[in-house]
Amino acid sequence: MLPTLRTTAATTTLATAVGALCALALASPAVAAGAAGDPPAPAVPTSAADASPGGRAVISTPTADGNRVSWRLLASDGGDAAFHVYRDGVRVPGPAVTGATSFLDRGAPADARYAVLAVRDGAARAAAARSDDPSAEGAAGQVAGESLTLAPVAGAEASSLDVPLDVPPAGSGYTYSANDASVGDLDGDGEYEIVLKWDPSNAKDNSQSGVTGNVYLDAYELDGERLWRVDLGRNIRAGAHYTQFQVYDYDGDGAAEVAVKTGDGTVSGTGRVIGDGDADHRNSSGYVLSGPEFLSVFRGTDGAELDTVDFRPARGNVGDWGDTYGNRVDRFLAGTAYLDGSRPSIVMGRGYYARTAVSAWDFRDGALTRRWTFDSSSSTNGPDWTGRGNHQLSIADVDDDGRDEILYGSMAIDDNGNGLWQNGTHHGDAYHVSDLVPSNPGLEVFKPSESGTDPAHWVADAATGRILSSAPAAGSDNGRGVAADITADNPGAEVWSSKVSGLRSATDGSEVGRKPGSTNFVIWWDGDGQRELLDDTHIDKYGASGDTRLLTGEGVASNNGTKATPALQADILGDWREEVVFRTTDSSALRIYSTDIPTAIAHPSLMEDRQYRLAVAWQNTAYNQPPHPSFATVD
């Protein structure tokens, strides 16, 4: 596999990247942090593909002073980890690298290849993907050089890698743009692949009538080789609320699957038609309000259909979901959760303005089995659970029992499918779950509200829904809000939202600074433990007197209209800082940006935190939100 690398002058090819991508293996979920400030404990491995990052994710960026090399720290390395760096198979002279997992190889040629081995018991040992003995010393290729070379970004301490794409052919009156993406080890080789959704230019919000083009899901190696394409067909409408896809290893075979809602005429990656290929259930307004609905699981290697079942929650009577023309019935959410504490399940939600229903599915031994369904219309739950949902969900172990809960706006569903809590507030457009308040045990939820009678935004205990701090009702839709630790001047996280002045403490709601210049995503990018502001195609550092620009993406575009979100944000390369993925303006490639800013912090890969890894899986759902781990600050 030969990744294409963007340079300022031309596109070049790194011929040694086949082995390099072993550094991109999926990382393990980790148990949520205990006391505030404690580092998250590593989780017991839960499946082959999610048991370990598998490699060091070594990346190299040529600079005027030499090559800046960065790699992944594993929780299993311990607090006194030390590493030997190898250039083209020969150890770089000098003492072992300790502390932050980065190294400047001064005067090295730009095309040098690197490998990094941990020093254990006085010997350098590899962390090899899919090795029966991950501490095996001197395995073939371990020191030959397996790094990815990224191209420096002019005018910024950053580097980038382009993944070429195969744009679907235009339809009658519409074209295609790359949209949301996810990552997974699709073929079990210890490498990340990318799954990408293609949206037609005539995609519609659920509130808008009109026929849309088909939606496609593609799988790509990082060199741009397309592994397969699934055509969801005419009976799956295009738009942000219709297709939420999950990429994860659900059956524990070491390779990720793709789970997604399908319909009559969906075509798998191997050309198999699901259901009736001739059926057309679109009405005169373009809505699909009749005909069968399916949940399908596709194999990661070739997109073959592995199993298809009737989708639950079922459509039933369209009017039960809040309107009769097809808006609220087709509001879907999706996620992945460890409901039994050891193996992942697929979570599919429908509705949130009125009736709210969520189903959990297991994919084991090649078959889908429904674990449970929560439904606000059932006699068990009732009207108190109606209209509590958001445009997104989150997955976290909020009661510290080792099993995940589904946080669904102003309510939470326990791992057994029973309602855990609802706090009487209503629908909102943004959602953040993490350890936001150091003085409160466990996790917290932050949510702005669309209802003018609710608090404009609130912070609640994630285990009980009890509101800890809030802002007075704004009287209208408070459509944007963020919770994250963006300044060290205030303990814990800060919160801010569109209709509330200033930057507020998550702990007590007091004003602790000026409102940031954006209310969108947040990202770990520079060298400290606080997050930076990611909005549209630029990254800024928050400051007391103003934001400072750190990166402006050139030749790239954000997704989803005014939401201005990236294709993906996740820690997939190098050290613990996050990468951001945008489509190029012509959708000919996905461009992965990585930070080159030095850091003194040594921290395990964020993907080793279970909550964060699951957040990367649900990130593409509806109104995309940034992934949060079980901790708010990196120490």
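Taken together, the values in this text are just the output of simple stated rules run on the coordinates, not laboratory data. These numbers were taken from a predicted model, which means no experiment stands behind them. Don't worry about glycine lacking a Cβ; one is built from the backbone with ideal geometry, like all the others, and counts go over all protein chains shown.
Here, region 412-568 yields an orientationally averaged convex hull projection of 10.0 nm² when only Cα atoms define the hull.
Considering only the other residues whose Cβ falls under 10 Å of the Cβ of VAL437, what net charge follows from Lys and Arg at +1 and Asp and Glu at -1? Could the numbers behind the result be given before it?
On the way: positive: none; negative: ASP435, GLU444, ASP461, ASP508.
Counting the neighbours of VAL437, the net charge comes to -4.
Where the eigenvalues come from the Cα gyration tensor of region 368-422, what are the semi-axes √(5λ) of the equivalent ellipsoid, largest first, in whole Å?
Whole-Å semi-axes of the equivalent ellipsoid: 18, 14, 11.
When exposed loop sites are taken as trypsin sites (Lys or Arg not before Pro) in a DSSP loop with at most 15 other Cβ atoms within 10 Å, the longest stretch of the chain clear of them is 1-271. Value of Rg to Rh for region 544-629, rounded to two decimals, is 0.98; Kirkwood radius and Rg both from alpha-carbon coordinates. Distant-in-sequence amide contacts of ARG113, defined by a placed amide H-H separation under 5 Å and a gap of 5 or more residues or a different chain, comprise ASP88.
Remark on LEU551: its backbone amide H falls under 5 Å from those of ILE539, a criterion applied only to residues 5 or more positions apart or on other chains, H modelled at 1.01 Å from N.
Couplings 3J(HN,Hα) for region 622-627, derived from phi with the Karplus relation 6.51 cos²θ - 1.76 cosθ + 1.60 (θ = phi - 60°), are 6, 7, 3, 10, x, x Hz, where x marks Gly and Pro. All other residues whose Cβ lies under 11 angstrom from that of GLY417 are scored, Lys and Arg at +1 and Asp and Glu at -1, for a net of -2. A simple count of charges around SER501, restricted to other residues whose Cβ falls under 13 Å of its Cβ and scoring Lys, Arg +1 and Asp, Glu -1, yields +3. Please work out whether region 147-282 counts as rounded, prolate or oblate from its C-alpha gyration tensor, where a ≥ b ≥ c are the square roots of the eigenvalues and a/c under 1.5 means rounded, while otherwise a/b larger than b/c means prolate and anything else oblate? Verdict is oblate for region 147-282.
The magnitude of the dipole of the chain, with charges of +1 and -1 set on the Cβ of Lys/Arg and Asp/Glu and taken from the Cα centre, is near 1120 debye.
Ratio of Rg to Rh for region 305-432, alpha carbon only, Kirkwood?
My calculation puts Rg/Rh at 0.96.
Dimensions of region 433-496 based on its C-alpha atoms, expressed as ranges along the principal axes with the largest first, amount to 31, 27, 15 Å. Specify whether the C-alpha gyration tensor of region 511-591 places it in the rounded, prolate or oblate class, a ≥ b ≥ c being the square roots of the eigenvalues: rounded for a/c under 1.5, otherwise prolate if a/b is larger than b/c and oblate if not. Oblate, since a/c reaches 1.5 and b/c is not below a/b. Among the listed pairs LYS204/LYS515; LYS204/LYS499; LYS204/LYS261, those whose Cα-Cα separation exceeds 22 Å are LYS204/LYS515; LYS204/LYS499. Couplings 3J(HN,Hα) for region 251-264, derived from phi with the Karplus relation 6.51 cos²θ - 1.76 cosθ + 1.60 (θ = phi - 60°), are 9, x, 8, x, 10, 6, 10, 10, 10, 7, 6, 10, x, 3 Hz, where x marks Gly and Pro. Amide H contacts of VAL512 (H built 1.01 Å from N, in plane; Pro and chain starts excluded): LEU503, ARG504, SER505 sit under 5 Å, all sequence-distant by 5 or more or on other chains. Every pair of different Cα atoms in the chain enters the Kirkwood calculation, which places the hydrodynamic radius at 24.5 Å.
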